[in-house]
Amino acid sequence: MTVSVSITVNGKPVTRQVEGRTLLVQFLRETLGLTGTHVGCDTSQCGACVVHVDGRSVKSCTLLAAQADGCAVTTIEGLAAADGALHPMQAAFREHHALQCGFCTPGMVMSAVDLANRHPGGMDETTVREGLEGNICRCTGYHNIVKAVIAGADTMRGAPAKAAE
Amino acid sequence: MAPLDGIGASLRRKEDQRFLTGKGRYTDDFNRHGQLHAYFLRSPHAHARIRGIDTGRAKAAPGVVDVFTGADTKAIGGLICGWMITSKDGTPMKAGSHRPLAEDKVRYVGDHVAIVIAETYNEAKDAAELIDVDYDVLTAVVVTDKARAPGAPLVHDEIAKNTCYEWSLGDKAATDAAFAKAAHVTKLDIVNNRLVPNAIEPRAAIGDYDSGMDSFTLYTTSQNPHVARLVLSAFNGIAPEHKLRVIAPDVGGGFGSKIFIYAEETVCLWASKQVGRPVKWTGDRSEAFLADAHGRDHVTTAEMAMARDGTILGLRVHTTANLGAYLSTFASCVPTYLYAPLLSGQYRIPAIYAEVDGVYTNTAPVDAYRGAGRPEATFVIERMVETAAREMKIDPAEFRRRNFVPADAFPYQTPVIMTYDSGQYHKVLDEALTLSDYAGFPARKAESAARGKLRGIGFCSYIEACGIAPSAAVGSLGAGVGLWESAKVRFNPTGNVLLYTGSHQHGQGHETTFAQLISTYLGVPTDQVEVIHGDTEKTPFGMGTYGSRSLAVGGSAIVKACEKVIEKGRKIAAHLLEAAEGDIEFKDGKFTVAGTDRAKSIQEIAFAAYVPHNYPQGVEPGLEESAFYDPVNFTFPSGTQVCEVEIDPDTGVTTIVNFVAIDDFGKIINPMIVEGQVHGGIVQGIGQALLENAVYDPESGQLLTGSYMDYTMPRADDVPSFKVGLVETPCPHNPLGVKGCGEAGAIAAPASVMNAVTDAIGKHMQMPATPERVWRAIHGTAV
Ligand code: FES
Ligand code: FES
């Protein structure tokens, strides 16, 4: 059984016929070729697949593509500015060495952006650690991710950036 | 002045741009024209005889192109283990048959039974359910002590007592004599829990046969594509090496688990020729839990003999290592030569004797996982030292100091093979004590006690061996390969550089660190350098990345290649500058006539080499040099961690309240990257100590911890931030003075954490110190 799915992905409307059981992450990766969104597990535990659906972070492996019909989806490919300038959270991850193999990174960054948006007053380390509890990173030990998320959130809300140590 | 992007700079990583924008290219991101999808049917039983397999209904299912079982793949050579271990009675290890698809028996849950190839992944997976396998279910052996009991079922019918080898190292008589004069003996039973590596990118492979060229290409999640090609050619017989290209593109973490040559890529590659189309397989996490090689799984009894003043006299260790159902690619050496030679730790121990029994069970194969043998050895010696100090009422830091190899005793020959090259163990310990405010611990403990909490502090002063390895040395110990590394430096006519390495990055940052070497050695800025790796058709043969070897061995090869470039450049410069070759100096990217300001940049020399109109006679055009580097010794990174925990006795919950790591990795190229490696390693070690445990049902052999809902991965809110520091004692025997930093955190942290936990509760307990197990330990029902 196929269904018609219309989603605005990174600002561009797309309509595709897909098998009913197609997950949103499969729709992005396989149907649209947006391979920046990753799959790290099959139990919705790792967060490698996080995208924004109507502005909120969502594990795209937990959603059928059909359930996102009519929604606006932003993936890691859609985060940087049109001129290629990195989003402040992307830039903070680079500055603070918050990625190693890069596989968890797209989901981690998308979760971090949503976390920052939900804490307009800024975040302490505990808030960041608890807020990223749904994203597993096997490489970094989280130390630099936490630093990056605090710095990236500061830049996002216009607070003076602290230099990396 | 050193260039700002050379050795010593915390240069931000070149590779991050693509990873941060979703443009990384991992194996599953590749799709080949006309590609089919594979699904592997796996054994649901830990141990069963296969009476028959009926694939008829599956072959007829929608979209299915073909189905293959063990009966179809007999032409593929068996999966191999590349290190021969000899038992103490002189007999060679017993490696059971390891077929890519099971033939007579299945030997663990997840063992490979059939491959279904279809137009889509879902069709392949659906069709796999239609395969009828007639199993005669046998009793499984899961626990090593039961596997060796008389009458136990045999994993491999021809291997008695399920024993692969009974190996030993060291001088038994000397060790017995040391114990005979001991004033105090400390004894512990130690379990090193089984772990699942869990790189976040699951393994994947695309086999692609080109009938026009009669050649194969394999895209795969590998830490060592050349080794994969060699094994797939020489042992599995898929194609000769010159007809096989292996591409390991961006790889999402390895930690050892992607060193090995597994059934999946072997069969996909072979099958692509059978079906005449590319065959893609991407594992899911459940398959990773079942069929990635696991790590650790040792059961050990250790005894240590001391004189009255705490001087260590001898160490005796017996370890039973669970090898799983089959010998994985390097499984045999991990609990032997990568383990027992590290049992001396940072200490002068006159006599050591270790016995290791390698045992088969009906569980997933066990092989190298971050640290590979050294974490197990470190855990033994550091738990022993801490326990001995407590029993003898000597401060554990002081106990270590009394027994350390002193800084003036290098090179230091241990009684178990290794010659330590350098180290400053006292200095590192002192810095760790200062950074952790050891002096203030009693006050903090009292403050915790006032709140009803148990506070503990634990040390781990670790040694490890990296930079594997001098080829002749490991060859004499049974290794089937050489362990050198390669590099090629190619100047382009316009003066930028392509650097080809035989090692492979999957998180370590080679594209940045190696470019920094070029910046320092050749004076070419890092943004003018492209590091190329992971493709056997592009890079020189190399042994790949594991054992924290890439910089010590691969980096040394880069230095050698740079030296050759400079040598040739000097000849060209002498000609162009009309000076004697001996008068030409090279520095900061410039060839200068000594004592003058007459100079040519290395870019000008490169251009002259490719447009050799005015050129020295007898010198070949072009500027491209290769080098191979075979190390003369291992390197010996060392360090001390101090972990402080607070435990709630009512809930058993352990909180790490302070964590300090001082490491001596020799010379540091990029401090930012090095610290990142330390953080990541520490969390894997904390994971082992507090959270992670791969558990099989002891009767059925079913994996009880087969998903992230059952196997506790460390998450951001499980761990603290760390205080890390570096001491630099250059390695004396490689040109960079580097030692390796990739595994230290994971090697040391299990011991530092468990020393802190056992200090807090006042009792020995086994890992992982989960709340339930800690609570039981405190309240007297220890596990
Ligand atoms: S792939 Fe979605 S949470 Fe793991
Ligand atoms: S950077 Fe590798 S999993 Fe996070």
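Some observations on this one:
- Single unsatisfied condition, B:Gly745 versus (1) of a type outside the set (A, V, I, L, M); (2) within 14 Å of another protein chain (Cβ to nearest Cβ); (3) open to solvent by 10 Å² or more (accessible area, probe 1.4 Å): (3)
- Residue among A:Val113, A:Val109 that is more than 16 Å from ligand 1 (Cβ to nearest atom), among the β-branched types (Val, Ile, Thr) and in contact (Cβ under 8 Å) with a residue 24 or more places away in the chain: A:Val113
- Number of positions in the stretch B:543-600 that are within 30 Å of B:Ala248 (Cβ to Cβ), out of contact with any helix residue (DSSP H, G or I) (no Cβ under 9 Å at 6 or more places or on another chain), charged (D, E, K, R) and open to solvent by 10 Å² or more (accessible area, probe 1.4 Å): 2
- Elements of type strands (runs of 3 or more DSSP E) contained in the stretch B:581-658, each with 3 or more residues being within 15 Å of B:Lys564 (Cα to Cα): B:584-587, B:624-629
- If the condition is being assigned to a loop (DSSP other than H, G, I, E, B) and in contact with a strand residue (DSSP E or B) (Cβ under 9 Å, 6 or more places away or on another chain), then the stretch B:760-774 contributes B:Gly762, B:His764, B:Gln766, B:Met767, B:Ala769, B:Thr770.
- Taking the stretch B:13-36 as the range and being surrounded by fewer than 17 Cβ atoms within 10 Å (Cβ to Cβ) and out of contact with any Pro (no Cβ under 9 Å at 6 or more places or on another chain) as the test, the residues that pass are B:Gln17, B:Arg18, B:Lys23.
- Conditions (1) within 22 Å of B:Met93 (Cα to Cα); (2) buried (at least 21 other Cβ atoms within 10 Å of the Cβ); (3) in contact with a helix residue (DSSP H, G or I) (Cβ under 9 Å, 6 or more places away or on another chain); number of the one not met by B:Val299: (2)
- A count restricted to the stretch A:46-68 and to residues that are small (Gly, Ala, Ser) and touching a Pro at 6+ places or on another chain (Cβ under 8 Å) stands at 1.
- Matching residues, the stretch B:239-260, being within 14 Å of B:Tyr209 (Cβ to Cβ) and crowded, with 24+ Cβ neighbours inside 10 Å: B:Val246
- Options B:Asp663, B:Asp710; residue that is within 13 Å of another protein chain (Cβ to nearest Cβ) and not hydrophobic (A, V, I, L, M, F, W, C): B:Asp710
- Where B:Ile381 falls short, out of the listed (1) free of Cβ contacts under 8 Å to residues at least 24 places away in the same chain; (2) part of a helix (DSSP H, G or I): (1)
- Unique match (being of a type in the set (A, V, I, L, M), at pLDDT below 95 and out of contact with any Ser or Thr (no Cβ under 7 Å at 6 or more places or on another chain)) among B:Leu41, B:Leu4: B:Leu4
- Criterion violated by B:Ala302 - all others in (1) touching a Pro at 6+ places or on another chain (Cβ under 6 Å); (2) not in a helix (DSSP H, G or I) satisfied: (1)
- Residues of the stretch B:93-131 that turn out to be open to solvent by 50 Å² or more (accessible area, probe 1.4 Å) and either acidic (Asp, Glu) or touching a residue at least 60 places away in the same chain (Cβ under 8 Å) (or both), as a count: 12
- Residue ID - most open to solvent (accessible area, probe 1.4 Å), chosen from residues in the stretch B:384-416 that are in contact with a Ser or Thr (Cβ under 8 Å, 6 or more places away or on another chain) and of a type in the set (Lys, Arg): B:Arg402
- Which listed residue, of B:Ser211, B:Ser215, B:Ser222, B:Ser233, is under 16 Å from the mean Cα position of the chain (by Cα) and either over 30 Å from A:Gln100 (Cα atoms) or more than 16 Å from ligand 1 (Cβ to nearest atom) (or both): B:Ser222
- Filter result for the condition that a residue is within 8 Å of another protein chain (Cβ to nearest Cβ) and farther than 23 Å from B:Thr27 by Cβ, over A:Ala80, A:Ala65: A:Ala80
- Hey, A:Val128 within 16 Å of ligand 1 (Cβ to nearest atom) and either of a type in the set (A, V, I, L, M, F, W, C) or touching a strand residue (DSSP E or B) at 6+ places or on another chain (Cβ under 8 Å) (or both) or not: no
- Residues of the stretch B:1-55 that turn out to be in a loop (DSSP other than H, G, I, E, B), within 14 Å of chain A (Cβ to nearest Cβ) and acidic (Asp, Glu), as a count: 1
- Number of the exception - A:Val146 against (1) part of a helix (DSSP H, G or I); (2) more than 15 Å from ligand 2 (Cβ to nearest atom): (2)
- When the test is whether a residue is facing another protein chain (nearest Cβ under 7 Å) and either within 18 Å of the chain's Cα centre (by Cα) or at pLDDT 95 or above (or both), A:Gly131 does not pass it.
- A:Arg94 being free of Cβ contacts under 8 Å to residues at least 60 places away in the same chain, more than 16 Å from ligand 1 (Cβ to nearest atom) and within 16 Å of A:Ala112 (Cα to Cα): yes
The values are calculated or read from the model by the stated rules, or taken from the named source; none is laboratory data. The shown structure was predicted, so the numbers you read here are calculated from the model rather than taken from an experiment. Please note: Cβ atoms are built from the backbone with ideal geometry, for glycine as well, and neighbour counts cover all protein chains shown. For the accessible areas, the whole protein counts, side chains as well, though only heavy atoms, and no ligand, DNA or RNA atoms are used. Shrake-Rupley method; radii C 1.70, N 1.55, O 1.52, S 1.80 Å.
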